[in-house]
Amino acid sequence: MDKSILCNYFNSKKCSSCHLLPNSIEEIKNQKILSLNEIFSLEVSQGLIIRDMIETPKAFHSRAKAKFSVGGTSNDPIIGITNKNLMITELEECPLHFEIINNLLPTIKNLIKTHRITPYDIKSKSGELKGLIIKSNSEQDQLILRFILKSKKHLEDIKSFMLTIQEKFNYIKIISVNIQPIPHQILEGEEEIILTKKNTITEKYENIELVFGPTSFSQVTPYIAHKLYKKVAEIISTNNCQGLLDLFCGVGGFSIIASEHIKWGIGVEISDQAIQYAKQASEINHIEKLTFLSGDVESFLESYNENKPDVIICNPPRRGLNNNICDHLKTISPNMILYSSCNPITLQRDLEYLSDIFIIEELIPFDMFPLTKHMEVLAILKKKH
């Protein structure tokens with residue numbers, strides 16, 4: 001069945017972000033599995049098992065996080081995506097997003113008009129409002145709304161309508177302003193100004209709650225994120241792992257959810273704020289066996305001389321690990337490495353570098369980014385004997 005009939009933006013060629021949309025769900029899954037087999041062709045020829053894709057029951061309205069560019073004028077703002085001509089294409093009813101995200105956009109447009117907030121123009125580098133970032137939890141009862149501004153010129157305007165929008169949409173728990181003064185491809189700047197009293201939301205994973213703030217990294221498809229965390233916890237339990245290191249741990253999702261199966265764990269993350277949220281979640285869930293440290297992963301591993309972990313979890317950015325980090329993993333030599341990656345190419349590179357000490361038992365792909373070529377892949381590595 002041709003799923004493209006369900007998306008007017010794709011059919012009208014306004015948006016091609018979901019570039020696999022003309023294919024059926026089964027065809028899309030097969031294409032992703034095929035691409036993994038091609039990237040890991042050598043390893044597959046040597047016996048690597050690639051499991052079936054873990055899928056979401058529905059692709060549409062599955063995405064909990066949306067990033068929008070804002071263009072046009074204060075009288076006629078456009079909320080959407082930046083096209084190849086550096087113009088903004090309207091995208092207010094993207095069928096991938098949670099509906100509560102799309103429902104906000106008409107009201108935000110009206111407030112932009114009423115308060116004459118000038119959208120940013122990429123070509124002339126003029127204007128103020130560059131974009132919006134909206135994130136919901138999976139229950140869709142807590143939402144973060146972030147305005148990306150070039151400067152603080154319209155900060156008071158946003159403060160003035162903050163209560164109005166929260167009264168209309170009571171699930172908006174956090175409103176913040178991010179200042180990005182640089183005409184840069186990176187949407188977010190370093191300064192985040194939280195305007196609401198509340199500065200965190202929570203995400204439930206069965207009996208566990210995780211804590212997120214405006215700038216926290218979070219997986220875009222909660223259903224698949226739940227499956228990924230659960231699979232890692234199951235593997236740790238099945239292999240009777242007692243101690244773990246959680247590298248690039250973010251807000252601590254992997255180690256907190258797996259904590260009932262271990263005796264001790266250490267999470268490491270460069271972001272001080274993410275570590276603060278990980279510690280908050282540990283307190284909320286009454287977990288005392290985990291320690292969370294803020295710092296550079298490579299520096300941490302270089303000086304690590306404590307208990308040897310049974311398992312190391314790695315969840316690095318798209319660029320993957322570097323050889324120094326991989327060398328430290330070899331030196332520590334845990335029984336198992338669980339490596340979660342959104343970039344199969346850098347994953348293959350890193351696993352090849354580790355292959356003298358570890359064998360890749362299997363890859364499990366997760367459809368974290370439905371209708372696109374992208375996916376999350378969990379690699380299970382065991383130490384060679």
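Read the figures in this text as sums done on the coordinates, not as results from a lab. Just so we're clear, the structure is a prediction, and the values are computed from it rather than from any experiment. Here the Cβ is made from the backbone with ideal geometry for all residues, glycine too, and neighbour counts use every protein chain on show.
Miscellaneous remarks
- Of the trypsin sites (Lys or Arg not before Pro) found in region 25-134, those that fall in a DSSP loop while having at most 11 other beta-carbon atoms within 10 Å are K58, K84, R116, K123, K125.
- Whole-angstrom Cα spans of region 223-371 along principal axes, big to small: 42, 39, 30
- Close amide H partners of I313, meaning residues 5 or more places away or on another chain with modelled amide H under 5 Å apart, are L245, D246, L247, L338.
- The chain, helix-only ellipticity at 222 nm - DSSP H runs n ≥ 4, -39,500 (n - 2.57), divided by all residues, nearest 500: -9000 deg cm²/dmol
- Rounded to the nearest 20 debye, the dipole size of region 65-199 about its Cα centre is 300 debye, using +1 on the Cβ of Lys and Arg and -1 on the Cβ of Asp and Glu.
- All Cα-Cα separations within the chain were binned at 10 Å from zero, giving a P(r) of 5, 22, 30, 26, 14, 4, 0, each value a whole percent of the pairs.
- Gyration tensor (Cα) of region 65-199, equivalent ellipsoid semi-axes in angstrom: 21, 17, 14
- Label separation (D296 vs N324): 0.5 nm, computed from points 7 Å beyond Cα along the C-beta direction.
- Theoretical FRET efficiency, 1/(1+(r/R0)^6), r = Cβ-Cβ of K230 and K198, R0 30 Å, to 0.05: 0.60
- For S282, the shell of other residues with beta-carbons less than 10 Å away shows a net charge of 0, using +1 for Lys and Arg and -1 for Asp and Glu.
- Between amide H atoms placed 1.01 Å from N, distances below 5 Å from T291 occur with G265, I266, G267, all of them 5 or more places distant or on a separate chain.
- Potential extension, E167-K13 segment - 0.36 nm per residue separation minus Cα distance: 51.8 nm
- Within the chain, antiparallel bridges make up roughly 60 percent of the DSSP beta bridges whose residues both belong there.
- Working from label points 7 Å from Cα in the Cα-to-Cβ sense, the S24 to H385 distance is 4.5 nm.
- Close amide-amide hydrogen proximity is noted between T73 and I78, each under 5 Å apart and 5 or more residues distant or on a separate chain (H modeled in the peptide plane; Pro and chain starts excluded).
- Length gained on full extension, R116 to W264: 47.9 nm, using 0.36 nm per residue less the C-alpha separation.
- Taking the DSSP beta bridges with both ends in region 252-385, the antiparallel portion is around 60 percent.
- Counted charge near F292, where neighbours are those whose Cβ lies closer than 13 Å (Asp, Glu -1; Lys, Arg +1): -3
- Out-of-range pairs (alpha-carbon distance over 18 Å; input K14/K58; K67/K159; K84/K125; K130/K152; K204/K227): K14/K58; K67/K159
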